Amino acid sequence: MTPKVTGFFDDATNTISYVVQDPQGSACAIIDSVLDFDYASGRTDTKSADAIIAFVKENSLDVQWLLETHVHADHLSAAPYLQAALGGKIGIGDRIQVVQDTFGKVFNEGTEFQRDGSQFDKLFVEGDSFHIGQMRADVLHTPGHTPACLTYVVGDAAFVGDTLFMPDFGTARCDFPGGSSEQLYDSVQKILALPDETRIFVGHDYKAPGRDTYAWETTVGEQKAKNVHVGGDATKDSFVEMRNARDATLAMPKLIIPSLQVNMRAGQMPPADKDGKVFLKVPVNGL
């Protein structure tokens, strides 16, 4: 089955959110939504999420799932906001528990922060399947960027999050806590084992040098032939060497501190204090 896929590009974070529709009905899923956040002022905004809500309502769609490919370090999830407006279950990989344990310590969250993934409605494992209307979706565990990364394969479309970028940009970084370039290479091979005609939808695009427009759809065949990091004859050893050297030069994403605290809670803010005020923590020399 070929789902109808609509991408929503967020300029501030270079994130693409997706609405994935059953072509034979009204059912849909929303993948990797964005809650706008201005770090300097600490203010949130729902402009990006509202554009998705408007699209869903204009097309009379039935939101069944709000899917996260992983705990994002570069944007805040709008899943709870979308759920309140449109319904649907929030899902992520079950290795979220590893991420919660790691960053629960980084942000000194204490025992009141649950590290069992219970903030989410569904925790997926490798080999799980579920339905979006009449469309079957299959779950691949594709760690490396983070321990909890998933790829959702829906009909002839694969939503790979940050594991792969467009062929001219390569692959995701692996230097966050719990990341592994060795695991990422193996995960990419799992994705590239899908049929060559499988459409791949990436989680971000940054316009590689020489390209004037943003893009977010490619195919398994194109990735195998042209990906600048893993295409052609690239070996695991050469990839790991390249990836580790490249990651050592990269700065932290500018929204990593608020993003992790919110996204490990399924898009919810930390609990308010006794006066109803919400605060985010900044771990000094913690990342």
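FYI, it's all coordinate maths here, none of it is from the lab. From a predicted model like this one, the values you see are computed outputs, not experimental measurements. Neighbour counts run over all protein chains shown; Cβ positions are idealised from the backbone, glycine included.
Where is the GNM fluctuation largest for the chain (alpha-carbon springs, 10 angstrom cutoff): ILE256, ILE191, ILE90?
In this elastic network of the chain, the residue with the biggest mean-square fluctuation among ILE256, ILE191, ILE90 is ILE256.
Kindly provide log₁₀ I(q)/I(0) values, in the same order as q = 0.09, 0.10, 0.14, 0.16 Å⁻¹, from the Debye equation applied to equal alpha-carbon scatterers of segment 4-251.
-0.37, -0.46, -0.95, -1.26
Sort SER48, SER77, SER180, SER129 by Cβ crowding within 10 Å, fewest neighbours at the top.
On the way: SER48 21, SER77 27, SER180 18, SER129 10.
With the fewest neighbours first, SER48, SER77, SER180, SER129 line up as SER129, SER180, SER48, SER77.
Where the only charges are on Cβ atoms (+1 Lys, Arg; -1 Asp, Glu), what is the dipole of segment 168-226 about its Cα centre, to the nearest 20 debye? Numbers along the way, then the final one.
Working: 7 positive and 10 negative charges, 8 e Å.
Here the size comes out at about 40 debye.
Cut-off under 17 Å on the C-alpha distance; same-chain residues fewer than 8 positions from LYS236 excluded. Which lysines are left, in chain and number order?
LYS190, LYS224, LYS226
How large is the charge dipole for the chain, taken about the Cα centre, if only the Cβ atoms of Lys, Arg (+1) and Asp, Glu (-1) carry charge, to the nearest 20 debye? The partial results should precede the final answer.
Working: 25 positive and 39 negative charges, 72 e Å.
Dipole size: approximately 340 debye.
Taking a ≥ b ≥ c as the square roots of the Cα gyration tensor eigenvalues, with a/c under 1.5 meaning rounded and otherwise prolate when a/b beats b/c, else oblate, which class fits segment 140-181?
Working: a/c = 3.73, a/b = 1.36, b/c = 2.75.
Oblate, since a/c reaches 1.5 and b/c is not below a/b.
If you build a Gaussian network model of the chain, linking Cα atoms that sit under 10 Å apart, which residue out of ALA73, ALA251, ALA137 swings the most?
Among ALA73, ALA251, ALA137, the largest GNM mean-square fluctuation belongs to ALA251.
Compute the length gained on full extension between LYS105 and THR46: take 0.36 nm times their separation in residues and subtract their Cα-Cα distance, giving the result in nm to one decimal. Don't jump to the answer; show the numbers that get you there.
Details: separation 59, 0.36 × 59 = 21.24 nm, distance 2.94 nm.
Separation in residues times 0.36 nm, less the Cα-Cα distance, equals 18.3 nm.
Averaged across orientations, what area in nm² does the convex hull of the alpha carbons in segment 1-102 project? Walk me through the numbers before you get to the answer.
Numbers: hull surface 29.1 nm².
Taking a quarter of the hull surface, the average projection is 7.3 nm².
Can you work out ³J(HN,Hα) from phi for every residue in segment 114-127, in order, using Karplus 6.51 cos²θ - 1.76 cosθ + 1.60 and θ = phi - 60°, giving whole Hz and x for Gly and Pro?
6, 10, 10, x, 5, 6, 9, 7, 8, 10, 8, 10, 3, x
Tell me, in nm to one decimal, what length is gained between LYS236 and MET1 on full extension, where the rule is 0.36 nm per residue of separation less the Cα-Cα distance? Kindly include the intermediate steps, with their values, before the conclusion.
Details: separation 235, 0.36 × 235 = 84.60 nm, distance 3.29 nm.
So the extension gain works out to 81.3 nm.
Which value, to two decimals, describes the C-alpha radius of gyration of segment 167-285 once divided by 2.2 N^0.38 Å? It would help to have the intermediate numbers written out before the result.
On the way: Rg = 18.0 Å, N = 119, 2.2 N^0.38 = 13.5 Å.
Expressed relative to 2.2 N^0.38 Å, the Cα Rg reads 1.33.
Which of the trypsin sites (Lys or Arg not before Pro) found in segment 200-239 are in a DSSP loop and have at most 15 neighbouring Cβ atoms, other than their own, within 10 Å? Working shown, then result.
Numbers: sites: LYS207, ARG211, LYS224, LYS226, LYS236; in loops: LYS207, ARG211.
Those satisfying the criteria are LYS207, ARG211.
May I ask what percent, to the nearest 5, of DSSP beta bridges between residues of segment 4-251 are antiparallel?
On the way: 32 of 46 bridges.
Antiparallel bridges: around 70 percent, rounded to the nearest 5.
List, largest first, the extents of the alpha carbons of segment 86-223 along their principal axes, each in whole Å.
48, 38, 30
Take the alpha carbon atoms of segment 237-287, find their center, do the same for segment 83-123, and report the distance between the two centers in whole angstrom.
So the separation of the two Cα centres works out to 14 Å.
Calculate for the chain the 222 nm mean residue ellipticity that helices alone would give, adding -39,500 (n - 2.57) per DSSP H run of length 4 or more and normalising by residue count, nearest 500 deg cm²/dmol.
Details: 7 runs with 70 residues, N = 287.
Per the formula, -7000 deg cm²/dmol.
With the crude spin-label approximation of a point 7 Å out along Cα→Cβ, what separation in nm comes out for LYS190 versus ALA12?
My value for the distance between the label points is 3.3 nm.
So which chymotrypsin sites (Phe, Trp or Tyr not before Pro) in segment 16-65 are both in a DSSP loop and have at most 13 other Cβ atoms within 10 Å of their Cβ?
Working: sites: TYR18, PHE37, TYR39, PHE55, TRP65; in loops: TYR39.
Loop-located and lightly packed - TYR39.
Lysines near LYS89 by alpha-carbon distance under 18 Å, same-chain residues fewer than 8 away left out - which ones?
Once the sequence-local lysines are set aside, what remains near LYS89 is LYS57, LYS122.
Starting with the fewest neighbours, write out GLU68, GLU197 ranked by other beta-carbon atoms found within 10 Å of each beta-carbon. Intermediate results must be reported in sequence, preceding the final value.
On the way: GLU68 27, GLU197 9.
Least to most surrounded, the residues fall as GLU197, GLU68.
Rank MET1, GLY42, ILE16 by how far each Cα sits towards the positive end of the charge dipole of segment 1-101 (+1 on Lys, Arg Cβ; -1 on Asp, Glu Cβ) and give me just the farthest.
MET1
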